[in-house]
Ligand SMILES: Cc1cc2nc3c(=O)[nH]c(=O)nc-3n(C[C@H](O)[C@H](O)[C@H](O)COP(=O)(O)OP(=O)(O)OC[C@H]3O[C@@H](n4cnc5c(N)ncnc54)[C@H](O)[C@@H]3O)c2cc1C
């Protein structure tokens with residue numbers, strides 16, 4: 001038996017878990033009886049075929065939806081466009097309505113972790129980003145005061161192979177343009193200057209600010225953290241995002257200016273993310289635009305009311321907030337000519353994303369806004385998009401939407417609520433003041449710096465269990481599995497009621 005199975009291992013992924021005819025066979029436990037586990041384990045990963053990096057597989061090749069829906073998407077941010085692309089790939093008729101007169105992304109850099117990158121490749125988006133991404137070699141955690149290395153995540157070839165895509169960083173404008181180009185290529189209509197003023201959830205219609213009435217079979221609201229639709233699916237104070245008392249300065253520095261100063265030029269020698277962490281503050285940096293710009297996000301405690309923030313003195317406020325930090329870092333901060341101060345809002349996990357008539361659903365930041373400390377907000381929106389496409393592909397008629405949306409929601413809440421939590425946990429881990437906890441954290445990360453083996457680490461990019469949960473997740477496969485188990489459950493329940 002193994003001889004017959006082994007050639008297959010080099011060509012196709014294995015989906016069966018027990019290769020028996022149902023009878024435990026004591027004599028064959030030494031053969032390839034198991035190829036996957038039903039519990040979290042990597043013990044059989046060596047049996048997987050040599051990874052090709054995120055070939056455009058299922059989403060592009062698979063069967064088109066049997067029930068073609070007219071889908072109205074509200075918001076042309078990364079979440080709205082990703083949803084439009086994923087649904088269009090399955091044959092749905094999709095139109096996107098965006099309030100802004102032109103497409104813009106605020107801020108400069110964005111990280112594309114592999115759980116998102118593998119989906120972007122399948123959706124045909126990565127080809128629109130050619131020559132615009134940077135593949136960092138590692139993340140270096142540094143002590144606030146002196147820049148001493150305290151933790152390292154290596155983005156090795158094994159990392160890329162295990163998670164089926166590299167870890168990318170990119171300019172937001174490039175990423176957004178790539179989404180828009182792909183959407184246009186697929187024939188998706190995006191209507192700018194089209195603010196949705198009201199939702200008529202029970203009729204699957206929206207009314208635009210100019211009074212036009214738009215009819216669909218399903219409304220997908222990807223209308224961001226200030227979502228209007230969220231109040232309809234999950235009314236109450238818990239669905240109002242709250243200011244976290246943390247704000248970020250978002251900036252870019254011209255790499256030529258950094259190169260001109262020998263003491264700091266080292267930061268550009270290899271593509272990498274550098275993150276300085278200290279009490280109630282941290283600074284995340286990396287190059288974007290194929291290495292042409294240096295992106296900086298400076299996070300800090302600010303308990304003042306964001307509505308009182310003016311545009312004046314933002315630069316001096318930023319410099320003051322990081323006075324006394326590593327001189328290499330403050331030299332780079334000194335090169336920043338412009339910055340935007342941005343309040344970080346948090347939304348607790350919602351328990352419902354679906355309107356009462358099952359004709360409206362919220363996705364992206366509208367459903368699960370999170371602080372950016374896991375770099376996973378947009379990645380979750382991309383996963384939502386793919387998950388929704390999987391569920392809508394399985395229904396035979398619009399009457400089954402209620403079931404499909406509930407299956408979608410259950411898998412997505414199970415995924416996004418812990419990601420919101422992981423993001424908040426990073427806020428705690430990054431921001432310890434000097435003292436007991438900070439020393440214990442750094443001691444627990446020391447093995448990373450010393451190149452020693454470790455089983456756990458407070459660095460969530462490196463912690464083996466967190467890594468597999470965050471980056472090993474395949475939103476398409478997970479939703480297919482969730483669908484199958486929901487249908488199985490339904491059949492069993494139905495059988496009980498008629499038996
Ligand atoms: C500092 C910072 C760093 C981040 N870094 C990362 C990172 O590295 N990796 C990552 O994956 N994520 C990151 N994120 C999170 C990521 O930016 C967001 O999760 C993502 O952009 C959300 O996309 P969205 O489409 O859901 O919402 P949005 O981008 O907010 O888009 C919503 C769109 O809907 C439109 N809209 C709203 N209301 C209406 C209406 N009534 N009618 C019509 N249109 C409407 C808006 O104009 C907007 O275009 C970061 C966030 C921040 C703040």
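Computed from the coordinates by the stated procedures, all read-outs in this text should not be read as laboratory data. Being a predicted model, the structure only gives us computed values, none of them experimental. A quick note on method: Cβ atoms are made from the backbone with ideal geometry, for glycine too, and the neighbour counts reach across all protein chains shown.
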Calculated [θ] (222 nm, deg cm²/dmol) that DSSP helices of n ≥ 4 give over the chain, each run adding -39,500 (n - 2.57): -11000 deg cm²/dmol
For region 343-460, one quarter of the surface area of the C-alpha convex hull, expressed in nm², comes to 9.7
Above 41 angstrom, tally the Cα pairs of the chain and express them as a % of all pairs, no decimals. 23
Tell me the Kirkwood radius of region 70-117: reciprocal of the mean inverse pair distance over distinct alpha-carbon atoms, in Å. 12.1
Virtual spin-label span in nm between residue 177 and residue 39, 7 Å along Cα→Cβ: 5.1
In nanometres, what is the gap between the two model label sites at residue 465 and residue 203, each 7 Å from Cα along Cα-to-Cβ? 5.2
Can you put 405, 455 in order of Cβ neighbours within 10 angstrom, beginning with the fewest? 455, 405
Less than 11 Å from a label point 7 Å out along the Cα-to-Cβ axis of residue 454: which backbone N atoms in region 135-179 qualify, by residue? 141, 150-154
When the label point is put 7 Å from the Cα of residue 305 along its Cα-to-beta-carbon vector, which residues of region 324-344 have a backbone N closer than 20 Å? 341-344
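Apply the a/c threshold of 1.5 to the C-alpha gyration tensor of region 272-357 and tell me whether it is rounded, prolate or oblate.
prolate
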Here FRET efficiency (C-beta to C-beta, residue 245 to residue 316, R₀ 22 Å, nearest 0.05) is 0.60
If packing is taken as the average count of other Cβ atoms within 10 Å, what order do 123-132, 245-254 fall into, highest mean first? 245-254, 123-132
Alpha carbon centre of region 148-210 versus region 286-323: separation in Å? 24
Starting from the coordinates of the alpha-carbon atoms of region 448-496, obtain the Kirkwood hydrodynamic radius over all distinct pairs and give the value in Å to one decimal. 13.7
Ranked on Cβ counts within 10 Å of their own Cβ, fewest leading, 326, 351 go 351, 326
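For region 405-499, what does the alpha-carbon gyration tensor say about shape, rounded, prolate or oblate, given a ≥ b ≥ c as the root eigenvalues, a/c under 1.5 as rounded, and a/b over b/c as prolate?
Because a/c hits 1.5 or more and a/b exceeds b/c, region 405-499 counts as prolate.
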Summarise the long-distance tail of P(r) for region 224-329 by giving the % of C-alpha pairs beyond 22 Å. 47
Eigenvalues of the Cα gyration tensor times 5, then square-rooted: what semi-axes does that give for region 110-185, in whole angstrom, largest first? 28, 15, 8
PRE zone check, label point 7 Å out along Cα-to-Cβ of residue 357, amide N under 12 Å, scope region 215-248, hits 215-219
Distance in nm between pseudo-label sites at residue 481 and residue 496 (7 Å out along the Cβ direction from Cα): 2.4
For residue 410 and residue 280, what is the calculated FRET efficiency with R₀ set at 35 Å and r taken between the beta-carbons, to the nearest 0.05? 0.45
Taking 0.36 nm per residue of separation and subtracting the Cα-Cα distance, what length does fully extending residue 130 through residue 424 add? 102.5 nm
Ranked output for segments 186-198, 286-298, 383-395, 461-473 by mean other Cβ atoms within 10 Å, highest leading, reads 383-395, 286-298, 461-473, 186-198
